[in-house]
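Please read the structure below before turning to the comments.
The values are calculated or read from the model by the stated rules, or taken from the named source; none is laboratory data. Keep in mind that this is a model prediction, so the values were computed, not measured. A quick note on method: Cβ atoms are made from the backbone with ideal geometry, for glycine too, and the neighbour counts reach across all protein chains shown.
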Amino acid sequence: MRLDKFLKVSRIIKRRTVAKDFAANERVMVNGRVAKPSTEVKIGDRLTLQIGSHTTVFEVLDIKENVKAAAAKDMYKVIE
């Protein structure tokens, strides 16, 4: 699944266009590498998001095309 779509479906970021902007501005890394919005995300990948001066690391646990809001948090785990 594309990075921007995963961020939106998992509700880490609310809108896909915002997720796309984050990646385009090099504020998202996948497994320690700067990622483009089209980067493929797989189970086990580590996503690092830079939001202002705050950095959050997530581990991808599941990939689903459509998820209800209550189940979205089951798609990832916050590491840092």
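A compact table of results
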| item | result |
| --- | --- |
| Residue list for region 4-22, filter: crowded, with 19+ Cβ neighbours inside 10 Å and not in a helix (DSSP H, G or I) | S10, I12, I13 |
| Complete set of residues in region 23-80 that are among the acidic types (D, E) and either in a loop (DSSP other than H, G, I, E, B) or modelled with pLDDT under 95 (or both) | E26, D45, D62, E65, D74, E80 |
